[in-house]
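The values are calculated or read from the model by the stated rules, or taken from the named source; none is laboratory data. Owing to the predicted nature of the structure, the values given are computational and were not obtained by experimental measurement. Cβ coordinates were reconstructed from backbone atoms using ideal geometry, including for glycine residues, and neighbour counts include every protein chain displayed.
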Amino acid sequence: MRESSVVQLWLQEGREEGREEGREAGREEGIAWGLIQAKHEDLLVVLEGRFGEIDPDVAKKLASIGDMTRLTELMRFAATEQSLESFLDRIQE
């Protein structure tokens, strides 16, 4: 059975819409991932600047956090805590 040209046109338009929606979702996901990665790097810069070399396990723990709100909260703690130990306690909260 052969599809009509109208059906073929609808299918083509649907595929094109689907591709565009997929591209847009991919862009948004990429931007969000990039922002989170930048926040991880910024956190490490602040911690290293205040407390010296940071243990790789701490860096891994921070890298596992994917919530931007939580990372922003931790950035505030990194800038204000009196010691690395008190900051690390905040990670556990």
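Results for (1) among the aliphatic types (A, V, I, L, M); (2) part of a helix (DSSP H, G or I); (3) surrounded by 13 or more Cβ atoms within 10 Å (Cβ to Cβ), shown as yes or no for each residue.
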{"position": "Glu16", "(1), (2), (3)": "no, yes, no"}
{"position": "Glu20", "(1), (2), (3)": "no, yes, no"}
{"position": "Ala32", "(1), (2), (3)": "yes, yes, no"}
{"position": "Asp42", "(1), (2), (3)": "no, yes, yes"}
{"position": "Gly49", "(1), (2), (3)": "no, yes, no"}
{"position": "Ala59", "(1), (2), (3)": "yes, yes, yes"}
{"position": "Thr69", "(1), (2), (3)": "no, yes, no"}
{"position": "Asp89", "(1), (2), (3)": "no, yes, no"}
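Evaluation of Leu11 against the conditions (1) exposed (fewer than 10 other Cβ atoms within 10 Å of the Cβ); (2) more than 20 Å from Asp89 (Cβ to Cβ) shows that the sole unmet condition is (1). Consider only pairs whose beta carbons are under 8 Å apart and that are at least six residues apart or on different chains; among these, list those whose first residue lies in the range 56-83 and is under 17 Å from Gln37 (Cα atoms) and at pLDDT 95 or above and whose second residue is assigned to a helix (DSSP H, G or I) and among the acidic types (Asp, Glu). Close Cβ pairs satisfying both conditions: Met75/Asp42.
Only one residue in Ala63, Ala38, Ala78 is surrounded by fewer than 16 Cβ atoms within 10 Å (Cβ to Cβ) and in contact with a helix residue (DSSP H, G or I) (Cβ under 6 Å, 6 or more places away or on another chain). Which one? Just one listed residue meets the conditions, Ala63.
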